[in-house]
Amino acid sequence: MTPPAPARLWPVVARVALGGALGALTRHGLDTLWPSAASGVSWTILAINVTGSLLIGLLMEFIAHRWPDNPNVRPFWGVGFLGGYTTFSAYAMDVVTALERGAPHVALAYLVVTLAGALAAAWAASALAHRFFTHGGGRTP
């Protein structure tokens with residue numbers, strides 16, 4: 001007999017929670033090492049969001065081509081770790097802080113570079129990994 005739906009969800013919730021805690025701790029540690037600029041923006045958060053987006057692009061291709069049936073990878077690494085590692089709420093607050101501190105050009109640059117960098121990183125990583133897996137570079141299931 002299959003357990004009720006809530007009982008089946010607890011292992012997934014635990015994977016997401018553990019991954020999220022580790023990702024958030026990693027982000028916090030990095031952001032603590034390199035404090036925000038005088039304008040209020042954290043260039044570390046920009047780097048975290050771009051690298052996290054790149055890793056999400058890679059991860060989604062790995063899941064599709066190597067681990068399509070693995071129930072642990074996406075909840076722990078994707079939703080959990082990388083969801084906790086990246087932080088678009090801190091990014092938004094940095095933009096507001098820069099505006100409040102009278103640095104609208106910095107706020108606009110931070111806004112555009114973070115968004116464009118994150119999107120470009122996710123797209124490029126996904127495209128390169130997809131090409132690798134579909135053109136003989138990686139074995140597919």
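The values are calculated or read from the model by the stated rules, or taken from the named source; none is laboratory data. Not measured: the values here are computed from a predicted model. When we count neighbours, we look across all protein chains shown, and the Cβ atoms used for this are built from the backbone with ideal geometry, even at glycine.
Across segment 98-110, what is the total count of residues that are touching a residue at least 60 places away in the same chain (Cβ under 8 Å), assigned to a helix (DSSP H, G or I) and surrounded by fewer than 19 Cβ atoms within 10 Å (Cβ to Cβ)?
Looking only at that region, the number is 1.
Looking at GLY19, GLY80, GLY52, which is the one that is touching a Ser or Thr at 6+ places or on another chain (Cβ under 9 Å), modelled with pLDDT of 95 or more and not basic (Lys, Arg)? Give the derivation first.
Working: GLY19 fails: touching a Ser or Thr at 6+ places or on another chain (Cβ under 9 Å); GLY80 fails: touching a Ser or Thr at 6+ places or on another chain (Cβ under 9 Å).
Of GLY19, GLY80, GLY52, the one residue that is touching a Ser or Thr at 6+ places or on another chain (Cβ under 9 Å), modelled with pLDDT of 95 or more and not basic (Lys, Arg) is GLY52.
Could you grab me the full set of residues in segment 56-89 that are surrounded by fewer than 19 Cβ atoms within 10 Å (Cβ to Cβ) and closer than 27 Å to ALA107 by Cα?
Residues satisfying the conditions are GLY83, PHE88, SER89.
Here are GLY102, GLY80, GLY57: which of them is in contact with a Lys or Arg (Cβ under 8 Å, 6 or more places away or on another chain) and not polar (S, T, N, Q)?
Values: GLY102 fails: in contact with a Lys or Arg (Cβ under 8 Å, 6 or more places away or on another chain); GLY57 fails: in contact with a Lys or Arg (Cβ under 8 Å, 6 or more places away or on another chain).
Result of the check over GLY102, GLY80, GLY57: GLY80.
Being more than 19 Å from ALA129 (Cβ to Cβ), free of Cβ contacts under 8 Å to residues at least 24 places away in the same chain and of a type outside the set (A, V, I, L, M, F, W, C): is that true of THR44 here?
For THR44, the condition - more than 19 Å from ALA129 (Cβ to Cβ), free of Cβ contacts under 8 Å to residues at least 24 places away in the same chain and of a type outside the set (A, V, I, L, M, F, W, C) - is met.
Quick check on my filter: what residues within segment 32-45 are assigned to a helix (DSSP H, G or I) and either surrounded by fewer than 18 Cβ atoms within 10 Å (Cβ to Cβ) or of a type in the set (Gly, Ala, Ser) (or both)?
If the condition is that a residue be assigned to a helix (DSSP H, G or I) and either surrounded by fewer than 18 Cβ atoms within 10 Å (Cβ to Cβ) or of a type in the set (Gly, Ala, Ser) (or both), then THR32, LEU33, TRP43 are the ones that fit.
Which residues, taken from segment 13-40, are among the β-branched types (Val, Ile, Thr) and touching a residue at least 12 places away in the same chain (Cβ under 8 Å)?
Step one: list which residues in segment 13-40 are among the β-branched types (Val, Ile, Thr), which gives 13, 16, 26, 32.
Of everything in segment 13-40, those that are among the β-branched types (Val, Ile, Thr) and touching a residue at least 12 places away in the same chain (Cβ under 8 Å) turn out to be VAL16, THR26.
State all residues of segment 35-72 that are under 14 Å from THR114 (Cβ atoms) and under 14 Å from the mean Cα position of the chain (by Cα); if no residue qualifies, say none.
THR44, ILE45, LEU46, ALA47, ILE48, ASN49, VAL50, THR51, GLY52, SER53, LEU54
Can you tell which of GLY117, GLY80 is closer than 23 Å to ARG15 by Cβ and in a helix (DSSP H, G or I)?
Selected residue: GLY80, the only one of GLY117, GLY80 that is closer than 23 Å to ARG15 by Cβ and in a helix (DSSP H, G or I).
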